[in-house]
Structure formats: structure tokens, C-alpha cells
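The values are calculated or read from the model by the stated rules, or taken from the named source; none is laboratory data. Model, not experiment: these values are computed from the prediction. Neighbour counts are summed over all protein chains in view; Cβ atoms, including those assigned to glycine, are modelled from backbone coordinates with ideal geometry. Ligands, DNA and RNA are excluded from the accessible area calculation, which covers all protein heavy atoms including side chains. Shrake-Rupley method; radii C 1.70, N 1.55, O 1.52, S 1.80 Å.
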Amino acid sequence: MQEFVDFLNGIIWSPILIYLCLGAGLFYSIATRFVQLRHFREMWRLLLSGKSSDQGISSFQALAVSLSGRVGTGNIAGVAAAIGFGGPGAVFWMWVVAFLGAATAYTESALAQIYKEEDEDGQFRGGPAYYIEKAMGQKWYAWVFAIATIFACGILLPGVQSNSIGNAVEAAFGPGEMIETAIGTISFAKIVTGTIISIILSFIIFGGVKRIANFTQIVVPFMALAYIVVAFIIILLNIGQVPTVFAMIVGDAFTPMAGFGAAIGWGVKRGVYSNEAGQGTGPHAAAAADVEHPAQQGLVQAFSIYIDTLLVCSATAFMIIITGAYNVHGGAEGVFLVQNLATNIGANGPVFTQMAIESAMPGIGKPFIAFALFFFAFTTILAYYYIAETNVAYIRRTFKVPGLMFILKGVLVVATFYGTVKTANLAWALGDVGVGLMAWLNIVGILIVFFLGRPALKALKDYEAQQKAGVTKFTFDPVKLGIKNADFWEKKLKSQGKPKAVEDVADGEPIKPVA
């Protein structure tokens, strides 16, 4: 099984996908004139404004739901793996992916808002499947993405998150008694952990998107802040080494420590896994937000990339490198380019991070990471469920099969429990397959959509025009901008009445009121 999954990953995560992720980010950064820098202040304003409605959630709630997907085990165990297999230089490439990926995140999230729908239950739905169908006119491609996403987020990816929780609990409190089961010998600690996760998960996901949003908007900010505070304390305790750490990260990014290809490869792979820019997961939550203009939620989602990688991932990287709690694996098994720890300590897991905190705060590291990983990973599983649910809702538009949502919930709970008790290498490898499939389909999709009509760019320029005109209430008229099939916004505009004319800096022509 492991060999087959590794073979698939070798195909999916070829250098083509790695450079496609970087290239797409650079392309959208240039196309939007580096929206991730120009509108940083506006991101803050939008983040703190807006409110939920019966149909949608607030911008902050949408950010919390998407952050719960972005801020997960990848921020703790994923960063450790990037360093363990790519060297400290992999962190630099994670930063590059984050910076460029913020523009990609704006694009895909704005598209999700432009082409969102109101489903039969009165909830906003949207995401890559919706905008691929409406903007590209390729329903078959949208179905391929929807099915791949249900498979990835409903089966493959939850196991990665729960596996890290199980490993962290086992490392912190011991495995306990070993029990023989139908799927192998499993520690009592992992069985108990998997059972608790499954029970809590069932309670929340059967409550719908509102319960998920209400839970994540409280938990996500709290867990991220607590984690960053601990990291900041450890960095302060070793403040004299900070310049050296920076030098290692930047220097190793361009030197053959683990091979230039290993540094960039692992940095991009774990960067995409962590911040999810271009992967196609973030747009699902973005579409659920109730906003005045699609560009607004695109900007909020771009900001989430900064929180995920430049804050949380960097906190993990600095703790690991500054305390020396890592090894760097060479190309052959058992060969280490840097060995600071015992050879039997694997990089695919949270152990590097646990040992880093433990070395600075004895007695705290292992239980703290187990606690942090529970919240980080658990909220990510919730986000995965919502993403899978949205794509099931997309399929239900065509096939009204009863019980699909119930089946999805049951399968996800089982996959979560199974992932808790399985080995880390297999769980991560399966997760990489899921992430890679979605990234391929989504990045190719949004690039084609851009060249077909530039809807996300038109939305941004329209928003900037209204900002310049000093409007107090933003409106979005897709027909005026030449954007087809944005049915939700057309209906909304008609219900609001005719907007005032505003100079359209997008095309250099006056915006005419709706007839």
C-alpha cells in the first residue's frame, strides 16, 4: 500500500506541479499588481466588518472556517517534515509560496463569491466546481473536481490531521496497553483518542455549517494566539540566535544541503499543504460569506495566508531550528545530512516541535503540542467536512440521491478514526495524493478562467473604482462588467434597485446604471 501511494505521489507531485504552484502565484501577483501588498490595510478593515445572515456567515466567520482548514497539522508536523527532508532552506520556499499564494487565494476566493449560489436549504454555496462550470462552461471538469474533492476531503485528508493528534497524545502520555485489532496492533492511547475525536466531530458536523462557523470563530483565534505566544517566548529565550536562524533559512534555500530540489520541493509541497493557496479548499468557505462585493472576501482570504504561513508556520520553524531539534534526511534511508537527534525519530509527525518546546520549557512541550494539535487538527477536519459537503451539494443539483450528506458524515467519521490509529507515513502519503489532485485541477481551472474572461481581476478593479469614488455601500453588477452566469449577484442587484454611475477604472469607460 505504502509503495503504491508513494508511486502516485511521485507522479502527482512532479516538478511540474511545484513550479505550477509558484508560477500561478507569481502570475496572479503581477496581474493584480500585487494585491496582497496594495490592499493590506483594506484586508484589516474588512476582517473586522460585516455580519452573518440567514443565508451566509460573516467575513470573519468565513475567515475562521478557512483558517481552520489552513491552520492545521501542517503548521506543526508539516513544517517539521519540510525541515527534516528539505533542510532549513525549505522554510524560505514556504514563505515564497505564502507571499505569492496570497494573490492566488484572492483570485480563487473572489471567483467563489462571483459564482456562488443559494442552495435548496437557503445556504450560500460555491467553490471551484461552481466557478469551473459557470466560467469555463465545462461541467465535466467541474464534476471531476467535485468528486476528487469529496474523495480527498472526505476520506484522505482527515486521517492526516487525526493521525497527528494520535501521535502527539501517544508521545505526551505514553501508548498504554497494546491491543490486537482487525487492522493491526494499536495502542490504547490511540484508540481512546480516536473515539473521543469521532464523538465530538459527529456532534458538530451534524449541526451544519452554522455550528461549524460558531465553533471555529472562537477556537481558531485562541489556538493560533496561544501557539504564537509560546513560540515568541522560546525565541526570546534564544534571541541571540535569531540572526543565525535567518541566515540558515535563506542560505540553505539556495545551497545543496539537501539538494536545491529537495529544499524547494518540500518547501512548496508543505507550503501548499499548509496554506492551501491554489489547492481549491479556501474558496468553499469564502463563498459562504455574506458580503457586499466579491472582491471583499477575496481580500480577506488573501490575508489568511499571511496568518497561516508567515505567523504560525514561521513560529514552528523558528522553534525547531533555534533549539536544534531536527535532523535532515539524506537521499538514502538511514543517511543524515544533519543529525541533532536520535536516528529513530521520524520527521513525519509533531515530534520535532514537541522536542523543541520541551528543550526550552521542560515538562511542557509534549502535552502542550498534544493540546495544540488537537485544536489545530480538529478544526481542520471540520473544514474538510464543510468542503466535502459543499461538493456533495454541487452533485445533488443534478442527482437528487437521498441520504448523501448522511453517508458523507459517516464515512468522514470512520476515516478520521482510522487515520488516528494508522502509521504516520501512510497517512501523510495519502494526504499528499489528495492535496496534489485538488491543486492540479484547481490551478489549471483558475488559469483557464482568467484567460477566458478575467472575472476576478474585473471584480478587483470594479471594487477599487468604487473605493476611489468614496461609495459607502458597495455594489456588484456582473452584467456591466461583462461577467456571465453570476446569477446570484444579478438577482441581488435587481432587488436593490439601480446603482449610481461610477467611473470604471477597469476598462476606462463609464459604468452605466442598470437598465
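Residues that are modelled with pLDDT of 75 or more, out of contact with any helix residue (DSSP H, G or I) (no Cβ under 8 Å at 6 or more places or on another chain) and assigned to a loop (DSSP other than H, G, I, E, B) were ranked within the range 331-359; the one that is most open to solvent (accessible area, probe 1.4 Å) is Asn340. The helices (runs of 4 or more DSSP H) found entirely in the range 111-187 that carry 1 or more residues being at pLDDT 90 or above, among the charged types (D, E, K, R) and open to solvent by 10 Å² or more (accessible area, probe 1.4 Å) are 139-151. Scanning the range 359-408 for residues that are of a type in the set (D, E, K, R) and over 29 Å from Gly78 (Cβ atoms) gives Arg396, Arg397, Lys400.
Tell me, yes or no, whether the range 136-152 has at least one residue that is touching a Pro at 6+ places or on another chain (Cβ under 6 Å), over 30 Å from Leu47 (Cβ atoms) and of a type in the set (Ser, Thr, Tyr). No: zero hits. Just one of the listed residues (Val401, Val421, Val413) is touching a residue at least 60 places away in the same chain (Cβ under 8 Å), within 19 Å of Thr149 (Cβ to Cβ) and either buried (at least 24 other Cβ atoms within 10 Å of the Cβ) or β-branched (Val, Ile, Thr) (or both), and it is Val413.
Do we find a residue being closer than 30 Å to Asp121 by Cα and in contact (Cβ under 8 Å) with a residue 60 or more places away in the chain anywhere in the range 165-187? No, the conditions are met nowhere in the range 165-187.
Among what's in the range 208-253 and is among the aromatic types (Phe, Trp, Tyr) and modelled with pLDDT of 80 or more, pick the residue that is most open to solvent (accessible area, probe 1.4 Å).
Phe232
Within the range 451-481, how many residues are open to solvent by 30 Å² or more (accessible area, probe 1.4 Å), within 21 Å of Thr104 (Cα to Cα) and part of a helix (DSSP H, G or I)?
Of the residues in that region, 4 qualify.
When we screen Ser202, Ser198 for residues that are assigned to a helix (DSSP H, G or I), modelled with pLDDT of 85 or more and open to solvent by 30 Å² or more (accessible area, probe 1.4 Å), the only hit is Ser202. Within the range 1-50, the set of residues being in a helix (DSSP H, G or I), among the β-branched types (Val, Ile, Thr) and open to solvent by less than 80 Å² (accessible area, probe 1.4 Å) comprises Val5, Ile12, Ile18, Val35.
Per this entry, Ile381 is counted among residues that are within 30 Å of Ile132 (Cβ to Cβ), buried (at least 16 other Cβ atoms within 10 Å of the Cβ) and under 24 Å from the mean Cα position of the chain (by Cα). Against the definition (modelled with pLDDT under 70 and either in contact with a helix residue (DSSP H, G or I) (Cβ under 6 Å, 6 or more places away or on another chain) or more than 30 Å from Ala429 (Cβ to Cβ) (or both)), how does Gly271 come out, yes or no? Spelling it out, Gly271 is indeed modelled with pLDDT under 70 and either in contact with a helix residue (DSSP H, G or I) (Cβ under 6 Å, 6 or more places away or on another chain) or more than 30 Å from Ala429 (Cβ to Cβ) (or both). Would you confirm, using the coordinates I've provided, whether Tyr394 is within 29 Å of Ala189 (Cα to Cα), assigned to a helix (DSSP H, G or I) and modelled with pLDDT of 80 or more? Judged against the criteria, Tyr394 is not a match. All of Ile307, Ile395 fail the test of being open to solvent by 10 Å² or more (accessible area, probe 1.4 Å), under 18 Å from the mean Cα position of the chain (by Cα) and in contact (Cβ under 8 Å) with a residue 60 or more places away in the chain, apart from Ile307. Within the range 482-497, being open to solvent by 70 Å² or more (accessible area, probe 1.4 Å) and closer than 30 Å to Ala146 by Cα holds for Lys484, Asn485, Asp487, Lys491. With respect to (1) over 29 Å from Phe222 (Cβ atoms); (2) at pLDDT 85 or above, the lone exception for Leu299 is condition (1).
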